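Engineer: Quick one: the structure is below, and I'll ask about it shortly.
The values are calculated or read from the model by the stated rules, or taken from the named source; none is laboratory data. Here the structure is a predicted model, which means the values were calculated and not measured. Please note: Cβ atoms are built from the backbone with ideal geometry, for glycine as well, and neighbour counts cover all protein chains shown.
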Amino acid sequence: MPRTRQTAAFALITVAALTLSACGSGDPATAPAGKGSPAKGKIPKTDVVSSVRKNEEAAALLPEKVRAAGTLSLATSTGSPPGAFYLEDGKTLAGADIDFADAAAKALGLKPKREVAAFEAILPALGSGKYDLGTGNFGVTDERRKTIDFVTYINDGQGFAVRDDSDLKKVTDLTQLCGLTVGTGAGTTFEATLEENKHLCGDAGRKPYEVKTYADPSAVWISLQQGRSDVVMNTINGLRYGVTQLDGLRFLNEFKRLDVGFAFKKGTPLAPAFQAAVNGLKEDGTYDRILKKWGTTGSAIKTSQISPPELK
């Protein structure tokens, strides 16, 4: 199945699940993350971008060549709500990442030329100059900062979800996963964390956990539902949303928080302009409106930063 259709399939899966379950009672526009993500069966459609005005001070920080061209090459990785995903038509993109990128570009007077790309392909493509900017809920890590510049816009991180019949209650130590199969996305910080720490089980004289990676986020959820994975590791916001949409699953806990940022080639001259644009969106209220729209107010940051150290 082509990637666009696979991702669209996730939306169809959620809709199918919704027809079998009661509607949520919380207002997705006002509930903080973890307290009521977008209501079941409802994809928020509030327009939070068209009212954004050009931020002249931020735009003045752009390189003259970019400002004159008025366009920006942008690679987007699609996944599951509320980050970036396809609506049921399999063509229309939606999500917080889409709104944040579009709002920042508009504040800078730029028109994004968006191309959907695989998550694991975007960062290398930035280094080669294929794209100016990448979005995909990219967590800021010290390893990534060696080759990529980031402009932060939210705080998300790593968490776990299981089926309702799982004995797991909370994962605070990865040795709690020993002997289990863990599903996650390919090329993600989750895969890196799991692989780097797999030795902990052997060190403790226990059977290592098995890591199964999937290129498409919908496949991660399906693997959990169908029993091919015992637990999944993903973004906190994505997990909290997903378990409200799919029957028989529950969110376990946050494991580690990470700043999330727009990704650029190392040494990019675009970073100061985007940092100023994000901070401008915070000042004029657009930033908070985007978070409220997607039920992720718990992911707000105080101020945008350029490539801050990884949160420990």
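Engineer: From (1) outside any strand (DSSP E or B); (2) β-branched (V, I, T); (3) modelled with pLDDT of 95 or more; (4) within 16 Å of the chain's Cα centre (by Cα), pick out the condition that doesn't hold for V232.
Structural biologist: The single condition V232 does not satisfy is (1).
Engineer: Can you tell me which residue among D132, D97 is surrounded by 24 or more Cβ atoms within 10 Å (Cβ to Cβ) and of a type in the set (D, E, K, R)?
Structural biologist: Being surrounded by 24 or more Cβ atoms within 10 Å (Cβ to Cβ) and of a type in the set (D, E, K, R) holds for just one of D132, D97, which is D97.
Engineer: Quick one: in segment 53-105, which of the residues that are touching a strand residue (DSSP E or B) at 6+ places or on another chain (Cβ under 9 Å) and of a type in the set (D, E, K, R) is farthest from G185 (Cα to Cα)?
Structural biologist: Among them, the one singled out is D102.
Engineer: Please find, within segment 279-312, the residue that is farthest from D156 (Cα to Cα) out of those that are aliphatic (A, V, I, L, M) and in contact with a helix residue (DSSP H, G or I) (Cβ under 9 Å, 6 or more places away or on another chain). Give the derivation first.
Structural biologist: In the first step, residues of segment 279-312 are kept if they are aliphatic (A, V, I, L, M); the result is 281, 290-291, 300-301, 306, 311.
Next, only the ones that are in contact with a helix residue (DSSP H, G or I) (Cβ under 9 Å, 6 or more places away or on another chain) stay: 281, 290-291, 300-301, 306.
Details: L281: 19, I290: 15, L291: 12, A300: 9, I301: 10, I306: 16 Å.
Per the stated criteria, the residue is L281.
Engineer: Looking at F251, F262 in this structure, which one is hydrophobic (A, V, I, L, M, F, W, C), in a strand (DSSP E or B) and either in contact with a Cys (Cβ under 7 Å, 6 or more places away or on another chain) or over 30 Å from R67 (Cβ atoms) (or both)?
Structural biologist: F251
Engineer: On to the next question. Could you tell me how many of the residues in segment 209-236 are in contact with an Asp or Glu (Cβ under 7 Å, 6 or more places away or on another chain) and under 15 Å from G187 (Cα atoms)?
Structural biologist: Here the count works out to 3.
Engineer: Within segment 163-180, does at least one residue satisfy the condition of being buried (at least 16 other Cβ atoms within 10 Å of the Cβ), in contact (Cβ under 8 Å) with a residue 60 or more places away in the chain and either in the same structural domain as P82 (by TED's automatic domain parsing) or closer than 30 Å to Y287 by Cβ (or both)?
Structural biologist: no
Engineer: Let me ask another. Can we say K198 is within 20 Å of D230 (Cβ to Cβ) and without any contact (Cβ under 8 Å) to a residue 60 or more places away in the chain?
Structural biologist: So K198 fits the description; yes.
Engineer: If I filter segment 242-255 for residues that are touching a residue at least 40 places away in the same chain (Cβ under 8 Å) and more than 27 Å from D164 (Cα to Cα), do I get at least one hit?
Structural biologist: no
Engineer: Taking G227 as the residue in question, decide whether it is buried (at least 24 other Cβ atoms within 10 Å of the Cβ) and outside any helix (DSSP H, G or I). Write out each step before concluding.
Structural biologist: Numbers: buried (at least 24 other Cβ atoms within 10 Å of the Cβ): no; outside any helix (DSSP H, G or I): yes.
Against the criterion (buried (at least 24 other Cβ atoms within 10 Å of the Cβ) and outside any helix (DSSP H, G or I)), G227 does not qualify.
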